[in-house]
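Let me begin by presenting the structure, written as structure tokens, before commenting on it.
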Amino acid sequence: MTDQIQERFYITTPIYYVNGVPHLGHAYTMVATDAFARWHKLMGDDVFFLTGTDEHGLKVAQAAEEQGLSPIDWVDKVSQGFVEAWSKLGIDYDDFIRTTQKRHYETVSAFMQTIYDNGYIYEGPYEGHYCIPCEAYYLESELLEGALCPIHQIEAKVMQESNYFFALSRLTEDLLSWYRDNPNVAIPESKRNEALGFIKGGLEDISITRTSLRWGVPVPWDPAHVFYVWCDALVNYATAIGFGVDQERFERWWPEVHHVLGKDILRFHLVWWPAMCMAAGVAPPKQLIVHGWLLVGGEKMAKSRGNKVDPLELVDSFGLDPVRYYLLRETPFGADGDFSYEGLIQRSNSELSNNYGNLLSRVVAVVVSKLGGVAPSSSRSSAIADEIVSLAKASADAWQRFMGHEAIEHAIEMIRKTNAYLEANEPWKMSASAELEQILGDALEVLRIVSILLYPAIPTTTEVVWSRIGMAGQVCEQRTSIALDWGGYPGGARLVKSEPLFPRLMLD
Ligand code: MSP
């Protein structure tokens, strides 16, 4: 069905600030990226999936101070919380980077030194309103009336320090021509246009070092400075594959990199990072995949708003796959979505339980009652094959375009069609015959194909279905180029009735 070309596929999530515990917004980025990585494994690609934590900067240093801990003790503790959360959400990453690791210090030094040696970094004065208790500069727009610090409500005095600047403005033309030559580099298209808007609006050079803060990676050519946290954070994508340390490994994966990110950090990834790569003499990333926000009551989840939803509590209450399914299915990828418990329950009950689960249980029930439990094979000529195959192709194509919600929608449509086909033919009223075998063989074939297409979203349950329909091996071992072709269900397995796949969910 889909041509199988072995490709290297390096995919990343943003690295999360360790100023608090992971919330559902973080989980949203994670589950989407995990699904894309799983899809590409099914495609036969050589996949490397990176995530991690962003551990420097003022925000983290302040969070540590509030807890009465040293920054390193704090980040060790909070970072571990992310590792545990991702394990509970079934996130199958290959590497977890922490920006306080030695390997990261080495790569940041090498990467930024290269930019410096290439002449894109210069020293200059930085002036701004500085709040001493905060040890931070504030933009005028952030200050309260009378130039007061918004936190301490004391005057933030105008201060000047010598900083290093990255000559972003000099790369304006290079960025514009890169976007022109690579129309699909940023998806969805609206986000590409947003990035182009920033660039065309005029880029200013950026201050990339600080002397007012010690919690950061030292600047190799002037250790009185540390790098500004965003500058250090973006380089993590190069650290994990060995930039400056293991060049062969770096070149193996770069630039086959796909960065998944939320729209709030678009400017850093779609403008700064490609420019930093260009200045370092490295090809810019292959693709930037931008998603919208998951809102609660119309607002972005944030510690300060007290509206954070704990993804782990959701998994405890509703089960892992219904939560993953909801995150991927409910909101068109790229748009904002609003989280609700009712929405999660409704999706799980109507699509997973009433459709997917129901198809499995009714097919198994008829195989058991009419065919002594022995599954028939799929037939070559089937009334539904063409329609199913074209939906399967559409689903595979949507995964390939990172449109998970669309991929799932096509897969669910395959199940709906098959349930309707069963209702029209009523195999439960038929006696054992070639016709009955064909109908049940068709339905089992759809369950086989759909389980592959839904696997990136709900890996645990699709494996259960795979084994309950008597397929050998595991879904994760399938290669979609052949596995999605009609006619792969071998039959012959002995099927047994078991408990419902998805219990019906209810609000307490
Ligand atoms: N540390 C930076 C990223 C550095 S990457 C080199 C950062 N961290 S973050 O923890 O604040 O956010 C990480 C990711 O979580 C971002 O992609 C952000 O958009 C995503 N989300 C945080 N809240 C979110 C929602 N409410 N909804 C969807 N995604 C959200 O930014």
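The values are calculated or read from the model by the stated rules, or taken from the named source; none is laboratory data. Predicted, not measured: the structure shown is a model, and the values here were computed from it. Ideal geometry is used to build each Cβ from the backbone, glycine not excepted, and the neighbour counts take in all protein chains shown. All accessible areas refer to the heavy atoms of the entire protein, side chains included, with ligands and DNA or RNA removed. Shrake-Rupley method; radii C 1.70, N 1.55, O 1.52, S 1.80 Å.
Counting only protein heavy atoms and using a 1.4 Å probe, what share of the accessible area of the chain belongs to carbon plus sulfur, as a whole percent? About 50 percent, which is the carbon plus sulfur part of the accessible surface.
Site-free segments of the chain were taken between GluC sites (Glu not before Pro) in DSSP loops having at most 10 other Cβ atoms within 10 Å, sites themselves excluded; the longest one is 205-508.
Using a Förster distance of 25 angstrom, determine the FRET efficiency expected from the C-beta separation of Val496 and Ser350, and round it to 0.05. Mind showing how you got there, number by number?
Numbers: r = 27 Å, r/R0 = 1.06.
Calculated transfer efficiency: 0.40.
Hydrophobic, long helices, defined as DSSP H runs whose alpha-carbon span along the helix axis is 18 Å or greater and whose mean Kyte-Doolittle value is at least -1.0, occur in the chain at 24-42, 71-88, 102-117, 358-371, 385-400, 404-425, 434-454.
Taking a straight Cα-Cα cut-off under 18 Å and skipping sequence neighbours fewer than 8 places away in the same chain, the aspartates and glutamates within cross-link reach of Lys157 are Glu127, Glu135, Glu140, Glu142, Glu145. Compared with the direct C-alpha span, the chain from Arg249 to Glu155 gains 28.8 nm at full extension, assuming 0.36 nm per residue. Taking every protein chain into account, the accessible area of the chain amounts to 41 square angstrom per residue (probe 1.4 Å).
Amide hydrogen proximity for Asp338: with H placed 1.01 Å from N in the peptide plane, the residues at 5 or more positions away or on another chain lying under 5 Å are Leu295.
In summary, the lysines within cross-link reach of Lys370, defined as a Cα separation below 19 angstrom excluding same-chain residues under 8 places away, comprise Lys429, Lys497.
Summary of the geometry: region 311-373 and region 50-105, compared by the centres of their Cα atoms, lie 32 Å apart.
Quick check: residue separation of Asp508 and Asp76 times 0.36 nm, minus the Cα distance between them. What number comes out in nm?
Numbers: separation 432, 0.36 × 432 = 155.52 nm, distance 3.59 nm.
Answer, rounded to one decimal: 151.9 nm.
What separates the Cα centres of region 113-183 and region 218-236 is a distance of 14 Å. How high is the FRET efficiency from Ser190 to Ala432, r the C-beta distance, R0 45 Å, rounded to 0.05? After rounding, the FRET efficiency stands at 0.20. Among Pro22, Ile469, Val366, which residue has its Cα furthest toward the positive end of the charge dipole of the chain, with +1 on Lys/Arg Cβ and -1 on Asp/Glu Cβ? Ranked along the dipole, the leading option is Val366.
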